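K.L.:
I am attaching a structure below and will ask some questions about it afterwards.
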Amino acid sequence: MLRGTGSGTATFGKWHLAPRYEAGPAGPFDHWPTGMMVGRWWAEAGKYGVMPLDGDARSRLALQRPTIAAPRDSMTFFPDGSLVPFAAAPKLYNRPYSITAQAVVPEGGAEGVLIAQGGNTGGYAFFMKDQRLHFVHNYLGRDVFTVTSDAEIPSGDVALRYEFEPTGKPDLTVGKGCPARGQLYIDEKLVGEVDMPHTVPIMFGTEGLTCGRDGGSRVAPEAYSDDFAFTGTLKSVTIDTSGDLIPDTESEVRIAMARQ
């Protein structure tokens, strides 16, 4: 076939980089490309002091990567935008944070996702349904922690807020993030709370963050089956990681007792 196209000789493989007597399956392989590259790698690793290698992918995934943007502890998202890649979304693991949605609810109510990140194998969804406010924390598809407001959401301009407050330390050796308390607020009034014995430890999957809908594989499949786009007017959603939470004396006492 090759001669028919004008080629006289063709060579393939690794043998041409080694003497013929070293080209067999018994080696030695010092002059084969793989062997040469491995040897070069070890030489450069020793030269630049990169040993020992760190193979702990879990801790590396949790690191805050350097960015060209200035440090910030607040990010605001708007509906109808593109999906935010998971690596660019705020790191909400094992730290206090709040999510506040500014919305306009029409007479008769509205429903849909305010903001969501992740999917059915881990993530969170903040949404309205049946005239009530809901937040779902999906722990790796194994445990689903849900808090629902004990009051209906009024019509008009409303501030809908979720707060996450750690009540202990994470145990990453067994794949568990910190225990925490999740609280819902409507116009700064506490309307629901849930205690979570463990939370997502490192990442909400790789499906990214969406505002105004659930653009992943459904964080809360028991609550909705499609992207559940918000039917009211969603002005913005702000995620704050400064640790500035609404004071709640009763909850603070319970958290202190839990830490004893």
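FYI, it's all coordinate maths here, none of it is from the lab. All figures in this text were calculated on a predicted structure; none of them were measured in a lab. Using ideal geometry, Cβ is built from the backbone for each residue, glycine included, and neighbour counts are taken over all protein chains shown.
K.L.:
Starting with the fewest neighbours, write out MET203, MET51, MET128, MET75 ranked by other beta-carbon atoms found within 10 Å of each beta-carbon. Walk me through the numbers on the way to the answer.
P.N.:
Values: MET203 19, MET51 8, MET128 26, MET75 15.
So the ranking, lowest neighbour count to highest, is MET51, MET75, MET203, MET128.
K.L.:
Find, among the trypsin sites (Lys or Arg not before Pro) in segment 140-183, those assigned to loop by DSSP (not H, G, I, E, B) with at most 12 other beta-carbon atoms within 10 angstrom.
P.N.:
Values: sites: ARG142, ARG161, LYS176, ARG181; in loops: ARG142.
Passing sites in segment 140-183 are ARG142.
K.L.:
Going by amide H atoms built from the backbone, whose H comes under 5 Å of the H on THR167, apart from near neighbours?
P.N.:
ALA180, ARG181
K.L.:
Round to the nearest 0.05 the FRET efficiency obtained for SER82 and GLU222 when R0 = 30 Å and r is the Cβ-Cβ distance.
P.N.:
0.65
K.L.:
³J(HN,Hα) across segment 75-87 via Karplus (A = 6.51, B = -1.76, C = 1.60, θ = phi - 60°), whole Hz, x for Gly/Pro?
P.N.:
Values, residue by residue: 9, 10, 10, 10, x, 6, x, 6, 5, 8, x, 4, 6 Hz.
K.L.:
List, in order, the whole-Hz ³J(HN,Hα) value for each residue of segment 222-227 obtained from phi through the Karplus relation with A = 6.51, B = -1.76, C = 1.60 and θ = phi - 60°; use x for Gly and Pro.
P.N.:
6, 9, 7, 10, 10, 6
K.L.:
Can you pull the one-decimal nm distance between simple spin-label points at ASP187 and TYR48, each 7 Å off the Cα toward Cβ?
P.N.:
6.0
K.L.:
Related question: Based only on other Cβ atoms within 10 Å, what is the fewest-to-most ordering of ILE246, ILE202?
P.N.:
Listed from fewest to most nearby Cβ atoms, that is ILE246, ILE202.
K.L.:
I've got another one for you. Search the structure for amide H atoms under 5 Å from the amide H of THR233, placed 1.01 Å from N in the peptide plane, and list their residues when 5 or more places away or on another chain.
P.N.:
Correct list: VAL104.
K.L.:
A follow-up question, please. For a test of the definition: using alpha carbon positions, the gyration tensor, and the 1.5 limit on a/c, classify segment 114-260 as rounded, prolate or oblate.
P.N.:
oblate
K.L.:
Just tell me which lysines come within less than 17 Å, Cα to Cα, of LYS235; anything on the same chain fewer than 8 places away is out.
P.N.:
Of all the lysines, none pass the test against LYS235 - Cα under 17 Å, at least 8 places apart if same chain.
K.L.:
Plugging the Kirkwood radius over Cα pairs into Stokes-Einstein for segment 102-171, at a temperature of 10 °C and a viscosity of 1.306 mPa s, what D comes out in µm²/s?
P.N.:
Estimated diffusion coefficient is 119 µm²/s.
K.L.:
Something else about it: Once R0 is set to 41 Å, what does the formula 1/(1 + (r/R0)^6) return for the Cβ-Cβ distance between THR67 and MET37, expressed as a FRET efficiency to the nearest 0.05?
P.N.:
With a Förster radius of 41 Å, E is 0.80.
K.L.:
Continuing with the same structure: Tell me the relative contact order for segment 43-191 as a rounded percent, counting alpha carbon contacts under 8 Å between residues six or more apart.
P.N.:
Numbers: 224 pairs, mean separation 27.8, N = 149.
Once divided by the residue count of segment 43-191, the mean separation gives 19 percent.
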